[in-house]
Structure formats: structure tokens, C-alpha cells
Amino acid sequence: MNMKRLFTLYFLVFLSSWSPLSGQTFFTYQGKVIDSTTGIGIEGAHVYHADILRLGTITNSEGVFVLKSRKRIEQLAVSHVGYFAKVQPIETV
């Protein structure tokens, strides 16, 4: 029996430093996508802006991701084959 599993998205949100050369502020979103049953990081999960699909990244071998954006992101979405997709509101740390 092949059941789809849920995963959990843990992340921290940091405002990265202002760049005096470009005069722009970038937001850096860092986190880890893990299997909700095993607690193991999920490699290759797609983490993206919930409203702008072209702004996203892929998790590394440990399930860790880093996403930079010029605009503040309210929600991140995460998807992976064999798991239910999830949209997660962001709380600034």
C-alpha cells in the first residue's frame, strides 16, 4: 500500500543586509523540510513563493533550503513527489 505522507516545513526568516551598491534590501528565507513521520530531511523538495511560482528553490541532501527575494514573502509552498503539497505562513524570527 503506497500512501502519500505529510512533511513539515521548518524555517527561519532573516532580513539580510542592505546593499549600499545596489540600494536594495533582500530578504533571506532559510529552513528545512522534513518528513513528519521520520523527522528526516527531504532532499529535492521544491520550496517556492505561494503566489509566484517562478520564485523558488530546491532543498539540498539534508532538506535545507535558502531562498532570497527582493519582496517580503507571506507564505511559502513546498512540494515533493510522494508527499502532499503544503502552504506554510511565514512568521518572522
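Tabulated results
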| quantity | calculated |
| --- | --- |
| Net charge over other residues, Cβ less than 15 angstrom from the Cβ of residue 55 (K, R count +1; D, E count -1) | +3 |
| Probe 1.4 Å, all protein chains present, accessible-area order of 48, 29, largest first | 48, 29 |
| Residue 43 - accessible surface, heavy atoms, 1.4 Å probe, Å² rounded to 10 | 120 |
| Label-to-label distance, nm, for residues given as residue 72 and residue 58 (7 Å Cα→Cβ offset) | 3.2 |
| Spin-label pair residue 25/residue 81, simplified geometry with 7 Å Cα→Cβ offset, distance in nm | 4.1 |
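The values are calculated or read from the model by the stated rules, or taken from the named source; none is laboratory data. None of the values given here were measured: they were computed from a predicted structure. Glycine also receives a Cβ, built like all others from the backbone with ideal geometry; neighbour counts cover every protein chain displayed. The protein model used for the area step is the full one, side chains on, heavy atoms only, and it has no ligands, DNA or RNA in it. Shrake-Rupley method; radii C 1.70, N 1.55, O 1.52, S 1.80 Å.
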